[in-house]
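Encoded as structure tokens, the structure appears first; notes follow it.
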Amino acid sequence: MTVPSIKVLVITYRRPVLLKRALMSLVQQSYPHWIAEVLNDDPADNSVINLINEINDKRISLSQPAVKRGGTGNFNYVFDHTINETFACILEDDNWYEADFLHDMLSALNSNLGVKMAVANEKIWKEDINNNWVDTGQTIWPIENENEFFPFRLVDKCGTAKICNSSMFWRTTGANWLTPTEIPIDVTEHFRERAIPHPILLVKKPLVNFSETLQSSRTYKSNAWSVYQALLIASVFEGIEPNERIVLAEKLWEKARTDEKLFKTALFNAAWVSKAPFILFKKSTLSEKIRYALTLIKNPKLITDCAGAAKKHHSSWQFLLTHIHA
């Protein structure tokens, strides 16, 4: 009987202390049949190879040649080269696994042969000013015994993502789920989720420790985050009929008015990307329009950035237009 093998792609950039925590969480896995390839995004940083030598586990090796790809480039590397192992996952240096992550995720997919990817629940930790880690006692989703199938629903593809890079676990056959190279790391999960076959299996047991670090490679400077959110939302409207647009717009406004107030601005921003999502503007209330106008007074460039986004970010826009349906 063939024992299932797992490839772990470990992504790191100048975080030797956190990387050691991440790698030790691999060494301590209850499931032993894995290998790890460490992607060092700073080829001049010798602390990575020194740490690998210190741990001295033959299953862990440094990716060669060392190449600086950037965050988005590293995630694409994971999906654009041949992986001989049956399953794969990503571990970012600031996160770490519970001891049964590989075992439980493997069991989850083996119990659902038609599913390509599973995503684990995560415990949330925060770094304090003294570089200590504080357990918030929170998880990404409620902890439940029963796992859940996450179908492809248009309302879920409008600016949000269910997957998280360090909690994904997938079958490697046919897993060439690349994203446009131009996108910032902040939205790699949002774009990649469009390409992944659904349903995705949500494992409700927290098997990953997610770190909110004081310093992050994710950035929300300028209007970049708002622009890509607008593209994500607007693209969905481009792929559906006018009557479906009305229904979707009403669902999104209901969502924004109940538990996601900041989402209102994203809906307005999406309305300027192209003609199809302009129904979002029409479905807003007068008071919501006034509040958005106040936002534009503070940030007048926002509307022009969103209106020109489809042209400026052409490859991203075309990717989204071709990944609207499951």
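Quick note: the coordinates plus some simple rules give every number you see, no bench work behind them. Just so you know, these numbers come straight off a predicted model, no measurement behind them. Heads up, the Cβs are rebuilt from the backbone with ideal geometry, glycines too, and the neighbour counts pull from every protein chain shown.
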Percent RCO, i.e. relative contact order, over the chain, from Cα pairs under 8 Å lying at least 6 residues apart: 18 percent
Among the lysines, which fall within straight-line cross-link reach of Lys261, defined as a Cα-Cα distance under 21 Å, with same-chain neighbours fewer than 8 residues apart omitted? Lys157, Lys162, Lys221, Lys251, Lys282, Lys283, Lys289, Lys298
quick note, the chain, DSSP beta bridge pairs, % antiparallel (nearest 5) is 40 percent
Whole-Å distance, taken between Cα centres, linking region 1-78 and region 131-149: 24 Å
Rg/Rh for the chain to two decimals, with Rh computed the Kirkwood way over all alpha-carbon pairs. 0.98
Taking Lys and Arg as +1 and Asp and Glu as -1, residues besides Val10 with C-beta under 10 Å from its C-beta add up to -3
Could you tell me the distance between the Cα centroids of region 255-293 and region 179-244, to the nearest Å? 19 Å
Within 10 Å, count the other beta carbons around each residue, average over each peptide in 164-175, 267-278, 228-239, and list them highest first. 228-239, 267-278, 164-175
Can you tell me how much longer the chain between Lys68 and Asn112 gets when fully stretched, taken as 0.36 nm per residue apart minus their C-alpha distance, in nm with one decimal? 12.2 nm
With bins 5 Å wide starting at 0, give me the P(r) of region 254-326 over every alpha carbon pair, in whole percents. 3, 14, 22, 25, 18, 11, 5, 1
Only helical DSSP H runs with n ≥ 4 go in: add -39500 (n - 2.57) per run for the chain, normalise by residue count and round the 222 nm mean residue ellipticity to 500 deg cm²/dmol. -11000 deg cm²/dmol
Using the Cα atoms of region 69-171, I'd like the radius of gyration and the largest Cα-Cα distance, Dmax, both in angstrom. 15.4, 46
Tilt, helix 70-79 to longest principal axis of the chain (alpha-carbon atoms), in degrees rounded to tens, equals 70 degrees
Positive end of the charge dipole of the chain (Lys, Arg +1 and Asp, Glu -1 on Cβ, about the Cα centre): tell me which of Thr173, Pro277, Phe75 has its Cα farthest that way. Pro277
Label-point gap, in nm, between Glu260 and Asn131 - each point 7 angstrom along Cα→Cβ: 3.6 nm
Which net charge results when you count Lys and Arg as +1 and Asp and Glu as -1 among the other residues whose beta-carbon is under 12 Å from that of Val273? +1
Please report the Cα spread of region 12-117 along all three principal axes, rounded to whole Å, starting with the longest. 43, 28, 22
Can you put Thr2, Thr258, Thr213, Thr265 in order of Cβ neighbours within 10 angstrom, beginning with the fewest? Thr2, Thr258, Thr213, Thr265
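In a shell of Cβ-Cβ distance under 9 Å around Asn147, excluding Asn147 itself, what net charge do Lys and Arg (+1) and Asp and Glu (-1) give?
Net local charge, Asn147 excluded: -1.
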